[in-house]
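Every number here is computed from the coordinates shown, using simple stated rules; none is lab data. Keep in mind that this is a model prediction, so the values were computed, not measured. Note that each Cβ is placed from the backbone with ideal geometry, even for glycine, and that neighbours are counted across all protein chains shown.
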Amino acid sequence: MNINQDRRDLLRNSALLGVAVIAPSLAIADQKTSKDSNEPEATATEDLMREHGVIRRALLIYAETVPKLRQNASSIDPAALRRTAQLFRTFGEDYHEKMLEEQHIFPLVRKQGAILQHYADVLTAQHARGREITDYILAVTHGGKIGSQHAEPLTKVFEGFVRMYENHAAREDTIVFPAWKTNFTDKQLDEISDQFEDIEHKMFGKDGFEDAEKKISNIEGLLGLQDLSQFTPPSPPKP
Ligand SMILES: [Fe+2]
Ligand SMILES: [Fe+2]
């Protein structure tokens, strides 16, 4: 696919041949990366952070839906919201949170002092609350229209969910992932990135990130949110 993929293949093949081959192979791969491409190597933390990008785009869809729900709930296409919640479930909750953060990131971070232990506990509790909320969103977006009895509760649920995950992902990006990263050398992080990719392929049978990015783009298209320039605000008034 690209240099990164070549390198991953090389690492896997090297692993089959034994440790003695790995070091020179890595050296060759490093030379190739720096010589032939300006594209930087994607690390495990970059993978996690770009997954947050997909999660944030789902949050933006929910946030954009809030004023429309307040104005006229029956004008909203529940199928688009349901698809967003389904993507949040499979890619955000089942893969990113359960398979990566809860299996690989939090267990190590918990051993890095009381503050990080507290973060891991709160973040895990927020994953559980997020799942409850996604269950609710899936339930109320099941029919052809959002029932008027669900409009106001769903609005509040969206606001709470977005507020929680904006804070949640921002702390992971700036505190938890950088702390976790200090446990490893660059080479080990590369190998962990390969492990994450293997998990992704096992779960999705293909590149989970690319597929998730396509899905969220399609949902944005359905809701008229695909054009980024619509979010540029007008110039501020003269002070
Ligand atoms: Fe998380
Ligand atoms: Fe996360």
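Tabulated results
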quantity	calculated
Radius 15 Å from Cβ of Lys215, net charge of other residues (Lys, Arg +1; Asp, Glu -1)	-1
Residue order, fewest to most surrounding Cβ atoms within 10 angstrom, among Ile175, Ile105	Ile175, Ile105
Cβ-based net charge around Ile115, under 12 Å, with every Lys or Arg adding one and every Asp or Glu removing one	+1
Normalised per residue, the volume of the convex hull around the Cα set of the range 147-215 (Å³)	129 Å³
Alpha-carbon Rg/Rh ratio, for the range 104-172, with Rh computed the Kirkwood way	1.14
Gain in span if fully extended, Ala139 to Glu166, counting 0.36 nm per residue against the direct Cα distance	7.4 nm
When the range 97-239 is reduced to its Cα atoms, the Kirkwood hydrodynamic radius in Å	18.5 Å
Principal semi-axes in Å for the range 28-181 [√(5λ), Cα gyration tensor, largest first]	34, 20, 12
Equivalent-ellipsoid semi-axes of the range 182-239, from the Cα gyration tensor, Å, largest first	37, 22, 6
Ordering of 140-149, 214-223 by burial proxy (mean other Cβ atoms within 10 Å per residue, highest first)	214-223, 140-149
Relative contact order %, the range 57-157, counting alpha carbon pairs below 8 Å whose residues are six or more apart	46 percent
